[in-house]
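Notes for the one structure printed next.
The values are calculated or read from the model by the stated rules, or taken from the named source; none is laboratory data. Keep in mind that this is a model prediction, so the values were computed, not measured. Cβ sites come from the backbone with ideal geometry, for glycine too, and all protein chains shown count toward neighbours.
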Amino acid sequence: MRTETLNPIERRTAISLSLVFALRMLGLFMIMPVFAIYGQHLTGYSPIWVGFAIGAYGLTQALLQIPAGMLSDKFGRRPIIYGGLCLFALGSLVAGFSDSVYGVTAGRALQGAGAIASAILALAADVTRAEQRPKAMAMIGVSIGLSFAVAMVAGPVLAPIIGLKGLFFITAAGAVTGIAIVHFMVPNIINKAPRGETVPIPQQLKALAKDPQLLRLNLGIFILHMTLTAMFIALPLQLLDMQLIAAEHWHLYLPALLLSFLLIIPMLILAARKDMNRQFFLFAILLMAASLVAMGSTTHSLFVMFLCVMFYFTAFNFLEASLPAFISMLAPAGGKGSAMGIYSTFQFSGAFLGGILGGISYKLLGSSGLFYCLSILILIWFFITWGMLNPSKIRTHSYTTDIKDDDHAHTLSDQLVALPGVIEVVFFVEEKTVYIKVNNAEFNSDKAKQILVN
């Protein structure tokens, strides 16, 4: 069997779980560009409650993301995924049948209670080999970006036809479809990846939360999703004021998103080839701040607003793609699951607080004031990020080996640490797994394998 590519079982798993992730995120995102407009008929409508409704899912996601991952390790991935999707469908129905903004907010919070991201990633890890695991994770990551792009277009296209209720009912149907995909398409293999790879470990959380390099990235995803949620409280209403009717908002979003995807390709390639991840990351933060300032200053020209949105999403997509990759590179050996759990908690906390910040700022300062406030937040992020290490060369390799006991692990660890480029070695004796954090430019994988085999 070829080891450099996904085998048929791994490919089927990666595709099917990517579809489940995409359907779920599509439902969460699709409401964002339209709720401020089409929710005006709901009892209790106000900018502040718009913010609560849009961001409510983030609160429950933030609270339950790490516990759900741990429960999946104890009770199995599939039961947690099924339960999470059922909660997501129930929340969609609650929001769809609600005639008040309070009911929609409760439904969105219930949607977020289906926090299955950790369980899905862990299931993907269970079914894939260690050397192919990054490819499966990358496919799931791409599905999130694509679902966001589709949602930005689908929401404005479908809302005039089926209304908010219809959008929530489609979201519920997507959750049921996700259950069917997991049941019929994902192979039922009895296997489990090492916990440190994908599932949070309680003993690691406190130390990782204080790590200065990881903290910079966690604050980054917090601010990024805070500004995204807050922006969509003002942007749809701003477009209405500029005489672009709600049914045609997708005319602006679609080309802006497509061009942004084209623009980030050379950025990602150059950042990797020139070893300039940190420089491009800082540039993207400044680009986002500048685009928000321009949005606040644009009141009449739709073309200028289109350019602002395009540059905003260019920066957003680059940062959204880079942050989890940096977390993976900088996380301690064997601590990726815990680091990603903390990262997800910051991400969804940002989405929740962004809704509150956006609603209050829009009511007090209007759309221009909201955009200016968000640009200040982004500039604060820029200064927080300034001390970040360049993560380009840092990688963590995992190997399965026959570890006899703790003494044997210590002996192997001493030999591995002596290899050029090795930064850290962590053994999990019971799981017969070793994680080696290295400078990839200096590390020789073949020599490490020789040590582990002998």
Determine if segment 63-74 includes at least one residue that is surrounded by 17 or more Cβ atoms within 10 Å (Cβ to Cβ), outside any helix (DSSP H, G or I) and not assigned by TED's automatic domain parsing to the domain that holds Ala234.
-> no
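This table checks each residue for (1) within 29 Å of Met340 (Cβ to Cβ); (2) without any contact (Cβ under 8 Å) to a residue 24 or more places away in the chain; (3) surrounded by 22 or more Cβ atoms within 10 Å (Cβ to Cβ).
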position: Ala234; (1), (2), (3): no, no, yes
position: Leu239; (1), (2), (3): no, no, yes
position: Leu259; (1), (2), (3): no, no, no
position: Lys274; (1), (2), (3): yes, yes, no
position: Phe283; (1), (2), (3): yes, yes, no
position: Val293; (1), (2), (3): no, no, no
position: Cys308; (1), (2), (3): no, yes, yes
position: Phe316; (1), (2), (3): yes, no, yes
position: Glu320; (1), (2), (3): yes, no, no
Take segment 391-411 and flag every residue that is surrounded by fewer than 15 Cβ atoms within 10 Å (Cβ to Cβ), in a loop (DSSP other than H, G, I, E, B) and in contact (Cβ under 8 Å) with a residue 24 or more places away in the chain.
-> Asp402, Asp405
State yes or no: is Ile15 without any contact (Cβ under 8 Å) to a residue 60 or more places away in the chain, assigned to a helix (DSSP H, G or I) and in contact with a helix residue (DSSP H, G or I) (Cβ under 8 Å, 6 or more places away or on another chain)?
-> no
Answer with yes or no whether Ala109 is surrounded by fewer than 24 Cβ atoms within 10 Å (Cβ to Cβ) and under 20 Å from Tyr343 (Cα atoms).
-> yes
